[in-house]
1. Quick one: HIS9 ticks every box in (1) under 14 Å from THR83 (Cα atoms); (2) touching a residue at least 40 places away in the same chain (Cβ under 8 Å) bar one, so which box is it?
2. Is one or more of the residues making up segment 260-281 at pLDDT 95 or above and farther than 25 Å from ILE65 by Cα?
3. Quick one: would you say ALA186 is in contact with a Gly (Cβ under 6 Å, 6 or more places away or on another chain) and either open to solvent by less than 30 Å² (accessible area, probe 1.4 Å) or within 16 Å of ligand 1 (Cβ to nearest atom) (or both)?
4. For the structure I just gave you, tell me whether ALA18 is open to solvent by 40 Å² or more (accessible area, probe 1.4 Å), at pLDDT 95 or above, of a type in the set (Gly, Ala, Ser) and more than 16 Å from ligand 3 (Cβ to nearest atom).
5. Among the residues in segment 169-178, are any under 29 Å from ILE106 (Cα atoms) and part of a loop (DSSP other than H, G, I, E, B)?
6. Filter the strands (runs of 3 or more DSSP E) completely within segment 30-127 down to those with at least 1 residues that are touching a residue at least 24 places away in the same chain (Cβ under 8 Å), open to solvent by 10 Å² or more (accessible area, probe 1.4 Å) and closer than 16 Å to HIS7 by Cβ.
7. Within segment 151-159, is even one residue in contact (Cβ under 8 Å) with a residue 60 or more places away in the chain and over 22 Å from VAL41 (Cα atoms)?
Amino acid sequence: MRRFDLHTHSLQSDGTLAPAELVTRAQAAGVDVLALTDHDVTDGIAEARITADRIGITLIAGVEISVTWQGQTVHIVGLNVDTADHALQQGLARLREFRQWRAVEIGRRLQKKRIEGAYEGARRLAKGTIVSRTHFARFLVEQGYVRGMQQAFKQFLSSGKPGHVPGQWATLDEAVSWIRSAGGQAVVAHPARYKLSAGKLLRLFGEFHECGGEAIEVISGSHPPEATQHFARIAAEQDFLASAGSDYHGPDNFAGSEIGRALARPEGASYRDVARQKAWRGLGRLPALPDGCVPVWRDWEMTGLAAHKAVAGCLS
Ligand code: AMP
Ligand code: MN
Ligand code: MN
Ligand code: MN
């Protein structure tokens, strides 16, 4: 059986590995089909593609689009997007413009808290075009303002904290339509991570469906393992395809912790619980989709087969 990992980051956004390095590591970790899904940018795809073709692993061109839905930030992954698509690139460019403005603004707000040079520091740590809160968090750790990434978010960067600037990202409809315009499939990323009531999450899924969204991440490295069965059931009930991705950000755990809230285990969580969570989230370390899920890649295989048959037909 082929192994899929359909949600990963490179240093073009807030991951720590170059796209080529990510692809090489994914193959070493046993991944057969890898999607590179950087935040609001597709600049890493070309480099990843060259390495993937050379070493023989299937690369899916992807992106993780930042969306503001009912005042909350939600992430929508696009899979198999045509990176040359004009609507997609125009949309992403707009989000990056907001990101740039926001980064300067975060720096300004942190300065009011006597944290000097945060924007320049985050910019220096960002190796690609976008500056993310992850880069600010790394700066705060590096300069000793906080002990770790979690504390950086908790104290400075999360909603309501001094360095937080509310998002003005894409609408849900825009994100899905850009992905569809680019011939891709839209996927709700890590649905367990949003601060939404069960009812509101279902509303998000409903609207997502109406916009033309097709899939949800049933398996995410940034979910607690227990979330899998829950979202498998929702996918089945609401007719969503199921996706699976590690949300890998690089080999350093501090950098890869999209886990955030989901990892904040209830009191009494043992070291074993935390170890279990860590083991769960690595690149290529994902379990199979539960029975009853229809994989988001179902039609990819059919396409491959059809293409193969078409060629065979020509020859006969
Ligand atoms: P941004 O898109 O710039 O707002 O940054 C969001 C990114 O920050 C996410 O993609 C995660 O990688 C990271 N992140 C968010 N919350 C946390 C957290 N609590 N701990 C560590 N990383 C986080
Ligand atoms: Mn991230
Ligand atoms: Mn995300
Ligand atoms: Mn991600």
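The values are calculated or read from the model by the stated rules, or taken from the named source; none is laboratory data. Predicted model, so just to flag it, every value in this text is computed and none were measured. Glycine also receives a Cβ, built like all others from the backbone with ideal geometry; neighbour counts cover every protein chain displayed. Remember, those area values only see protein heavy atoms, side chains included, never the ligands or the DNA or RNA. Shrake-Rupley method; radii C 1.70, N 1.55, O 1.52, S 1.80 Å.
1. (1)
2. Our first condition is that a residue be at pLDDT 95 or above; within segment 260-281, this holds for none.
No: segment 260-281 contains no residue that is at pLDDT 95 or above and farther than 25 Å from ILE65 by Cα.
3. Values: in contact with a Gly (Cβ under 6 Å, 6 or more places away or on another chain): yes; either open to solvent by less than 30 Å² (accessible area, probe 1.4 Å) or within 16 Å of ligand 1 (Cβ to nearest atom) (or both): yes.
So ALA186 fits the description; yes.
4. Details: open to solvent by 40 Å² or more (accessible area, probe 1.4 Å): no; at pLDDT 95 or above: yes; of a type in the set (Gly, Ala, Ser): yes; more than 16 Å from ligand 3 (Cβ to nearest atom): yes.
It is false that ALA18 is open to solvent by 40 Å² or more (accessible area, probe 1.4 Å), at pLDDT 95 or above, of a type in the set (Gly, Ala, Ser) and more than 16 Å from ligand 3 (Cβ to nearest atom).
5. The first filter runs over segment 169-178 and keeps only residues under 29 Å from ILE106 (Cα atoms), leaving 169-176, 178.
Checking which are part of a loop (DSSP other than H, G, I, E, B) leaves us with 169, 171.
Within segment 169-178, one or more residues are under 29 Å from ILE106 (Cα atoms) and part of a loop (DSSP other than H, G, I, E, B).
6. In segment 30-127, 58-69, 72-79 are the strands (runs of 3 or more DSSP E) which contain 1 or more residues that are touching a residue at least 24 places away in the same chain (Cβ under 8 Å), open to solvent by 10 Å² or more (accessible area, probe 1.4 Å) and closer than 16 Å to HIS7 by Cβ.
7. The first filter runs over segment 151-159 and keeps only residues in contact (Cβ under 8 Å) with a residue 60 or more places away in the chain, leaving 153.
Within this subset, residues satisfying the condition of being over 22 Å from VAL41 (Cα atoms) are 153.
Scanning segment 151-159, I find at least one residue that is in contact (Cβ under 8 Å) with a residue 60 or more places away in the chain and over 22 Å from VAL41 (Cα atoms), so the answer is yes.
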